[in-house]
Amino acid sequence: MAASSRAQVLRLYRALLRESQRFSSYNYRTYAIRRIRDAFRENKNIADSEKIEELLNKAKANLEVIQRQV
């Protein structure tokens, strides 16, 4: 993975975790954080750039959903 896409993934990961911390309900907050960590761990070894782009777009959409719900 190129350094720029790695930085982009890490920036998105931190943004997702940061926004998830803003859930007022403990259950929603812990569920969101657990799902984010599990998803990123599950996909950490993907090398296909098209698949990485697809996953990044999906994560960005999820970030927008979290931001709307918080």
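Within the chain, which is the longest segment containing none of the trypsin sites (Lys or Arg not before Pro) that sit in a DSSP loop and have at most 14 other Cβ atoms within 10 Å?
In the chain, the maximal stretch lacking such sites is 45-70.
Give me the Kirkwood hydrodynamic radius of the range 1-50 in Å, from all C-alpha pairs, to one decimal place?
The Cα-based Kirkwood calculation yields 11.9 Å.
Straight-line reach from K58: which aspartates and glutamates have a Cα under 14 Å away, not including same-chain ones fewer than 8 places off?
Correct list for K58: E50.
Counting only heavy atoms of protein chains, what accessible area per residue, in Å², does the chain have with a probe of 1.4 Å?
The answer is 78 Å² per residue.
Report the one residue of I52, F40, Y26 whose Cα lies farthest in the direction of the positive end of the charge dipole of the chain (charges on C-beta: Lys and Arg +1, Asp and Glu -1; origin at the Cα centre).
It is Y26.
Among the GluC sites (Glu not before Pro) within the range 6-70, which fall in a DSSP loop and have no more than 10 other Cβ atoms within 10 Å of their own Cβ?
Passing sites in the range 6-70 do not exist.
Share of the range 1-68's accessible area from carbon and sulfur, percent, 1.4 Å?
Exposed carbon and sulfur together represent 48 percent of the surface.
The values are calculated or read from the model by the stated rules, or taken from the named source; none is laboratory data. Nothing here was measured: the structure is a model prediction, and the numbers come from that model. Cβ coordinates were reconstructed from backbone atoms using ideal geometry, including for glycine residues, and neighbour counts include every protein chain displayed. Side chains are part of the model used for accessible areas, which takes the heavy atoms of the whole protein and leaves out ligands, DNA and RNA. Shrake-Rupley method; radii C 1.70, N 1.55, O 1.52, S 1.80 Å.
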